[in-house]
Amino acid sequence: MAWVNLEHQQKAIELLASRGVSLTDIAEVTFFIQKEYFPGLTVEHCEENVKKVLEKTEVQNALFTGIAIDELAEQGKLPEPLSTIVNEDQGLYGVDEILALGIVNIYGSIGLTNFGYVDKAKIGIIKKIDEIGKTSERCMTFTDDIVGAIAAAAASRIAHNNTKRS
């Protein structure tokens, strides 16, 4: 079994909670992505897969980095023009999505497809945090993409673990 840093996993969960996101919120997005493909799938099973995704060091590092950037933006500690770009979540910035791709790539090309879908559709908690970022002093530029990437990776993990081989 691979070594897992449970302390970092717990810190990641706490950081998500500080941004208004629970594991169940992410699991509900994961469930939405996969429910039609896996009859009998439950939100609880999805949440277990979200936890497994959060065990990955690459996921933890992307999450720590992205949330730190959002927090620094809220505090006005980023230099211009980066501060304005991040706070306004400008469409051509794209670095937030690039960071999220580091998460989704862990489970292959299906992760990319799942992420593109949730990033565009803004399902569940992703829509909520995206709106918070656009209508308050909170910066959620990286947070919404990280959450979407975790949900997409968990959905991909479910797909990989349920593929029947001939």
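Scan region 93-108 and report the pairs whose first residue is touching a residue at least 40 places away in the same chain (Cβ under 8 Å) and of a type outside the set (D, E, K, R) and whose second residue is crowded, with 16+ Cβ neighbours inside 10 Å and outside any helix (DSSP H, G or I), with Cβ atoms within less than 7 Å and a gap of 6+ or a chain change.
Going by the 7 Å Cβ cut-off, the qualifying pairs are I106/K56.
Can you confirm whether A12 is over 12 Å from the mean Cα position of the chain (by Cα), under 20 Å from L99 (Cα atoms) and among the hydrophobic types (A, V, I, L, M, F, W, C)?
Answer is no for this residue.
If the requirement is being farther than 24 Å from S156 by Cβ, touching a residue at least 60 places away in the same chain (Cβ under 8 Å) and either loosely packed, with under 14 Cβ neighbours inside 10 Å or within 15 Å of the chain's Cα centre (by Cα) (or both), which of these qualifies: G20, G76?
Testing whether each residue is farther than 24 Å from S156 by Cβ, touching a residue at least 60 places away in the same chain (Cβ under 8 Å) and either loosely packed, with under 14 Cβ neighbours inside 10 Å or within 15 Å of the chain's Cα centre (by Cα) (or both) leaves just G20.
Going by what's in this entry, would K52 be described as of a type in the set (K, R), surrounded by fewer than 20 Cβ atoms within 10 Å (Cβ to Cβ) and within 16 Å of the chain's Cα centre (by Cα)?
Yes: the conditions hold for K52.
Being surrounded by fewer than 18 Cβ atoms within 10 Å (Cβ to Cβ) and either among the hydrophobic types (A, V, I, L, M, F, W, C) or within 19 Å of Q60 (Cα to Cα) (or both) is the filter here; which residues of region 124-158 pass it?
I132
Being assigned to a loop (DSSP other than H, G, I, E, B), in contact with a helix residue (DSSP H, G or I) (Cβ under 8 Å, 6 or more places away or on another chain), of a type in the set (A, V, I, L, M, F, W, C) and touching a residue at least 24 places away in the same chain (Cβ under 8 Å) is the requirement here; does I123 meet it?
Taking the combined requirement at face value, the residue satisfies it.
When the residues of region 89-111 are filtered to those that are under 21 Å from E55 (Cβ atoms) and more than 12 Å from the chain's Cα centre (by Cα), which remaining residue is surrounded by the fewest Cβ atoms within 10 Å (Cβ to Cβ)?
Across region 89-111, the extreme among qualifying residues is G108.
Any chance region 35-54 includes a residue that's touching a residue at least 12 places away in the same chain (Cβ under 8 Å), touching a Lys or Arg at 6+ places or on another chain (Cβ under 7 Å) and part of a loop (DSSP other than H, G, I, E, B)?
yes
Each value in this text was obtained by applying a stated rule to the coordinates, not by laboratory testing. Remember, predicted model here, so these are calculated numbers, not experimental data. Here Cβ is always computed from backbone atoms with ideal geometry, including for glycine, and neighbour counts include all displayed protein chains.
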